[in-house]
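Visitor: Please see the structure below; I have some questions.
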Amino acid sequence: MSTKKRDYYEILGLNRDASEEDLKKSYRKLAMKHHPDRNPDSKDAEEKFKEAKEAYEMLSDADKRRAYDSYGHAGVSQNAGGGGGGEGFGGFSEAFGDIFGGGRGRGGGNQVYRGADLRYNLEITLEQAARGTETKIRIPSLDECKTCDGSGTKPGTKAKTCHTCSGVGQVRMQQGFFSVQQTCPTCHGTGKFIPEPCTVCSGTGRIKNHKTLSVKIPSGVDDGDRIRLAGEGEAGMNGGPSGDLYVVVQLKEHSVFQRNGADLHCEMPISFSVAALGGEIGIPTLDGEAKLKIPAETQSGQVFRLRGKGIKPVRQTTAGDLMCHVVVETPVRLTDRQKELLRELEEINIADGDKHNPRAKGFMDKVKAFFAG
């Protein structure tokens, strides 16, 4: 059975439209983190380094990247091809990425292979994430060929035993004193070859199609959460079960709120007079407007907590809080009268600065001590 492979874009943490510069930056970051010289005793780091290196080498080559985007891993694999039967789409992952693997085989051998698990990125709003929603997605898929029942062979014919490996799927190569066993180059490990491939699927056993699925998004989902749709991944080979489809939630940037787990954060500008004298302001929440009392002498940067006005995560029973970050706004486009009043206020402050501006007074004392010291 062939080795399970993760999607190259997934390995590098990039979308499929990533630029060459994005590829370089991501690879350098991963290479620095997982390089064997930095992790001499970590087998896991070594494997991740090799994985990142392979992904970068494939995607940084324009021709290989085009082949990979069209046919997935099969498009760049030395073992790609339909067991002697034309071009196919083995490892179909162009829309999602074969991020979880899934055993697969080529040609029409007797081995049964489970279809690969696939990924679909679904972008939703913060409001949809908070309340839950249901949406439909249209996805490309690889379905079992009905003409050959997934065998890849022309109706009325059968796959034959590979003459190179005698059906074993492995061949032994002699290199000097060493004997090396490797995958059979003729049948690519299946032990079979197809003399007469199915004309509908070109010997792959699967055909390219599209399907529309309904996805229920539970309330409280967060960025990066996955929703599993069992059996909606790639079709299996030779009667094997289909893989699963993982819908990965991505939150759109919100114009007012930033989410941090169960809590929401927002920045609220207030006027100079409200900050100094106090007052009541309206605060936006996901449930509508709420009132917030601003105490007198509020300083810019103070944070006020509105309990229970955040989001209730999927596996929690209580909602988080809304953290309102107050920013005192300096007035602009002043009238002559406003300027006159502010100059009068400044004169009073200077005359009694220790009382009205203690933070400024304390800072200036530190500055004097610094230069004197």
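The values are calculated or read from the model by the stated rules, or taken from the named source; none is laboratory data. Because the structure is predicted, anything quoted here is derived from the model rather than measured. Cβ placement follows ideal geometry from the backbone for every residue including glycine, while neighbour counts extend to all protein chains displayed. Side chains are part of the model used for accessible areas, which takes the heavy atoms of the whole protein and leaves out ligands, DNA and RNA. Shrake-Rupley method; radii C 1.70, N 1.55, O 1.52, S 1.80 Å.
Visitor: Checking residue 180 against (1) touching a Phe, Trp or Tyr at 6+ places or on another chain (Cβ under 8 Å); (2) free of Cβ contacts under 8 Å to residues at least 12 places away in the same chain, which single condition isn't satisfied?
Guide: (1)
Visitor: Do we have residue 194 as closer than 30 Å to residue 125 by Cβ and aliphatic (A, V, I, L, M) here?
Guide: no
Visitor: Another question, then. Pick out the one residue from 230, 275, 235, 262 that is out of contact with any strand residue (DSSP E or B) (no Cβ under 6 Å at 6 or more places or on another chain), open to solvent by less than 50 Å² (accessible area, probe 1.4 Å) and aliphatic (A, V, I, L, M).
Guide: Checking each option against the conditions leaves just 262.
Visitor: Report yes if residue 358 is in contact with a helix residue (DSSP H, G or I) (Cβ under 8 Å, 6 or more places away or on another chain) and of a type outside the set (Gly, Ala, Ser), otherwise no.
Guide: no
Visitor: In region 117-175, what residues are surrounded by fewer than 17 Cβ atoms within 10 Å (Cβ to Cβ), touching an Asp or Glu at 6+ places or on another chain (Cβ under 8 Å) and β-branched (Val, Ile, Thr)?
Guide: Result: 157, single match.
Visitor: Taking only region 59-76 into account, find how many residues are surrounded by 18 or more Cβ atoms within 10 Å (Cβ to Cβ), at pLDDT 85 or above and of a type outside the set (D, E, K, R).
Guide: So the answer is 1.
Visitor: Which count do you get for residues in region 17-54 that are in contact (Cβ under 8 Å) with a residue 24 or more places away in the chain and within 28 Å of residue 188 (Cα to Cα)?
Guide: Qualifying residue count, region 17-54: 4.
Visitor: Give me the pairs: first residue in region 119-148 and within 18 Å of residue 202 (Cα to Cα) and in a strand (DSSP E or B), second residue of a type outside the set (A, V, I, L, M, F, W, C) and open to solvent by 40 Å² or more (accessible area, probe 1.4 Å), beta-carbon distance under 6 Å, and six or more apart or on different chains, which are they?
Guide: 141/209; 141/211; 143/209
Visitor: Continuing with the same structure: Give just the number: which of (1) in contact with a Leu (Cβ under 9 Å, 6 or more places away or on another chain); (2) at pLDDT 85 or above; (3) farther than 30 Å from residue 309 by Cα does residue 199 not satisfy?
Guide: All conditions are met except number (1).
Visitor: I'd like to check which strands (runs of 3 or more DSSP E) are fully inside region 261-307 and have at least 2 residues that are at pLDDT 95 or above, farther than 25 Å from residue 358 by Cβ and of a type outside the set (A, V, I, L, M, F, W, C).
Guide: So the answer is 263-271.
Visitor: Name, by its number, the condition in (1) at pLDDT below 95; (2) surrounded by 12 or more Cβ atoms within 10 Å (Cβ to Cβ); (3) not in a strand (DSSP E or B) that does not hold for residue 311.
Guide: For residue 311, the failing item is (1).
Visitor: Filter region 2-34 down to the residues that are open to solvent by 70 Å² or more (accessible area, probe 1.4 Å), touching a Phe, Trp or Tyr at 6+ places or on another chain (Cβ under 8 Å) and not charged (D, E, K, R) and list them by number.
Guide: Scanning region 2-34 gives a single hit, 15.
Visitor: Among all residue pairs at least 6 apart or on different chains, which show Cβ distances below 6 Å where the first residue, located in region 244-264, is without any contact (Cβ under 8 Å) to a residue 12 or more places away in the chain and the second is surrounded by 15 or more Cβ atoms within 10 Å (Cβ to Cβ)?
Guide: Matching pairs, first to second residue: 258/265.
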